[in-house]
Amino acid sequence: MILSDIEILKEIEKGNILIEPYDRKYLGTNSYDVHLSKYLAVYEDKELDARKHNKIREILIPEEGFVLQPGTLYLGSTLEYTETLAHVPFLEGKSSMGRLGIDIHATAGKGDVGFCNHWTLEISCIHPVRVYAGMPVGQLIYFCVQGAIENLYNKKSSAKYTQRTSKPMESMMWKNNF
């Protein structure tokens with residue numbers, strides 16, 4: 001079951017959902033709109049290795065915007081910091097982004113209960129397109145969880161994305177034992 005706008009507001013009041021900055025005008029019927037921060041990043045190397053720490057280079061989006069290029073994976077981040085302590089948050093791209101040929105996540109649209117951070121976006125495009133800091137990029141949808149939670153994400157020792165940062169985070173796959 002997806003939370004409605006009224007239920008999202010109730011969960012914010014209870015402290016189960018935190019969104020900073022929060023603005024009521026971005027609350028939709030059953031979602032909350034999130035925005036692109038001023039930070040993008042790209043991997044330094046053309047060939048990535050899942051067993052190694054692949055370093056990234058930061059890009060600041062200037063006032064006049066930044067043109068995304070096809071064939072490049074950009075890591076971005078949401079302007080909003082979120083905490084979700086009792087629901088499963090899903091981040092979906094806004095249809096207006098899709099209609100510009102922009103995907104905001106390759107595989108990581110679902111967060112875990114206990115996720116507390118800015119969202120890293122896995123941005124790709126099919127043709128060159130100019131983007132701007134502060135533009136709406138996605139919407140958070142909250143699903144109810146059935147049953148008790150044993151391990152909140154932010155309390156798990158194996159969680160790799162708990163360091164609070166407003167900047168995009170590169171893959172931590174190399175921390176897995178495989």
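Please treat every number below as a calculation from the coordinates, not as lab data. Just so it is clear, the model here is predicted, and its values are computed rather than measured. No Cβ is skipped: glycine too gets one built from the backbone with ideal geometry, and neighbour counts run over all protein chains shown.
What does a probe at LEU48 reach in segment 89-107, counting residues whose amide N is under 14 Å from the point 7 Å along Cα→Cβ? Flagged as within label range: 104-107.
Grab the Cα-Cα distance for ASP112 and SER96, subtract it from 0.36 nm times how many residues apart they are, and report the gain in nm with one decimal.
Details: separation 16, 0.36 × 16 = 5.76 nm, distance 2.59 nm.
Gain on extension, ASP112 to SER96, equals 3.2 nm.
Converting phi to 3J(HN,Hα) with the Karplus coefficients 6.51, -1.76 and 1.60 and the offset θ = phi - 60°, segment 30-46 yields 8, 6, 10, 6, 10, 10, 6, 6, 7, 9, 10, 8, 10, 5, 6, 9, 6 Hz in sequence order, with x at every glycine or proline. Taking a straight line from the alpha carbon of LYS10, these lysines sit under 18 Å away, with near neighbours fewer than eight places off in the same chain left out: LYS25.
Going through the cross-link list LYS55/LYS167; LYS94/LYS175; LYS55/LYS175; LYS14/LYS110; LYS52/LYS156, which pairs have a Cα-Cα distance over 24 Å in this structure? Show your work: numbers first, answer last.
Working: LYS55/LYS167 14 Å; LYS94/LYS175 32 Å; LYS55/LYS175 14 Å; LYS14/LYS110 22 Å; LYS52/LYS156 22 Å.
The pairs that break the limit, which is 24 Å between Cα atoms, are LYS94/LYS175.
Each label point is 7 Å from the Cα along the Cα-to-Cβ direction; what then is the distance between the points at TYR132 and ASN30, in nm? It is 3.1 nm.
Segment 1-36 and segment 75-118 have Cα centres spaced 13 Å apart.
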